[in-house]
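Below is one structure, written out as C-alpha cells, with a few remarks after it.
The values are calculated or read from the model by the stated rules, or taken from the named source; none is laboratory data. This is a predicted model, so every value here is computed, not measured. So basically every Cβ, Gly included, is an ideal-geometry build from the backbone, and we count neighbours across all protein chains shown.
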Amino acid sequence: MAIRYWEYEDAPLKEKLKDPNVKDIAKVYFDNETKAYRFSKALYEVKKRKDGLRLKDCGDELPLATWKRYLDFGVMVGLLKHEDGLYTFTDRYSKPLRNIAVYIKTWMDMQKDEDLAVLFANAKSGRQSKRGGRPVMEEVQANPSQPAAAPAL
C-alpha cells in the first residue's frame, strides 16, 4: 500500500490541526476521488455513532459490500477495530504515521458536521447500475410481456 505524501513537519501540521476534516484523512490513502469519498463516508458514520457501527446500521446510499470493503480497509490500516461485529476507532498507530495519527485523533475529537457531498464534489456518490447476471424478480414481474432470453448454445 502506498501512502501519499503527508506533512511531517510540525508547523504545517499545527495549521492543519486548526480545522481537520475527513477529506484529508481519506486522501492520504486514496488518489481516486470516489474511493476517498466512500472511505470517508465509512469513517464519518463510525464517528457519528459513539458506541460503534454495525453493518446492519449502514445507510442505503452504498451497497452493503461496499460498506464492508471500506470498513475492513480501515481495520487493515489501523484506523478502526472490528470486535463482535462492531466497528470502532482505535488509537494504535505505528511510529512513521505519528503525525497522521495526531491529525486523525483531532478530527475524531472535534464535534463538527461535515458535508461529504461538498468535500467530494467530483466523486460518484450513487449506486452503480446492475451490469449483467440474472434479472431481478421485480423487473421480471414488472415486464411480463418480454420473453425470457433463451440460453445460448
Exercise. Is there any pair with a first residue in segment 99-115 that is touching a residue at least 60 places away in the same chain (Cβ under 8 Å) and a second that is of a type in the set (Gly, Ala, Ser) whose Cβ atoms are under 9 Å apart and which are 6 or more apart or on different chains, and what are they?
Worked result: 114/40
Seminar exercise, completed: Output for Cβ contacts, cut-off 8 Å, separation at least six or different chains, first residue exposed (fewer than 12 other Cβ atoms within 10 Å of the Cβ) in segment 53-77, second among the charged types (D, E, K, R), reads 59/45
Problem set entry | Residue ranges of helices (runs of 4 or more DSSP H) in segment 10-104 with at least 2 members at pLDDT below 85 | 10-16, 22-29
